[in-house]
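Asker: Sharing a structure with you now.
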Amino acid sequence: MDWFGAVVVFVLSSWLVFFMIASAGITTQAEDGHVVEGSEPSAPINPQIGKKALISMAGGAVITLIVFVAEVLGVFSYLLRIAMPA
């Protein structure tokens, strides 16, 4: 895998992890009982975006490492030979 492929895998997997954990641990204003005047009751109180961004980057790094090791070991070539026999 070249550096461009690694960057693409990292960005896509980081976004995937981020979207999976984006709604975890969210408390809305309506659940808290204190709705700010002029805002939506379903607006989060503290979304913790920075923490979730760091978690998603770590998850993206782990997924990129797994894909890199699988490519070095030839897992994708093996699966391709099984899926499309000559």
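The values are calculated or read from the model by the stated rules, or taken from the named source; none is laboratory data. Quick caveat: nothing in here was measured; it's all calculated off a predicted structure. Counting neighbours? That spans all protein chains shown, and the Cβs are built from the backbone with ideal geometry, glycine included. Ligands, DNA and RNA are stripped out before the accessible areas are found, and what is left, the full protein with its side chains, is counted by its heavy atoms. Shrake-Rupley method; radii C 1.70, N 1.55, O 1.52, S 1.80 Å.
Asker: Count, please, the residues in segment 1-37 that happen to be open to solvent by less than 90 Å² (accessible area, probe 1.4 Å) and in a helix (DSSP H, G or I).
Answerer: Final tally of qualifying residues: 14.
Asker: From the set of residues in segment 38-86 that are surrounded by fewer than 12 Cβ atoms within 10 Å (Cβ to Cβ) and among the polar types (S, T, N, Q), which is nearest to THR28 (Cα to Cα)?
Answerer: Across segment 38-86, the extreme among qualifying residues is SER42.
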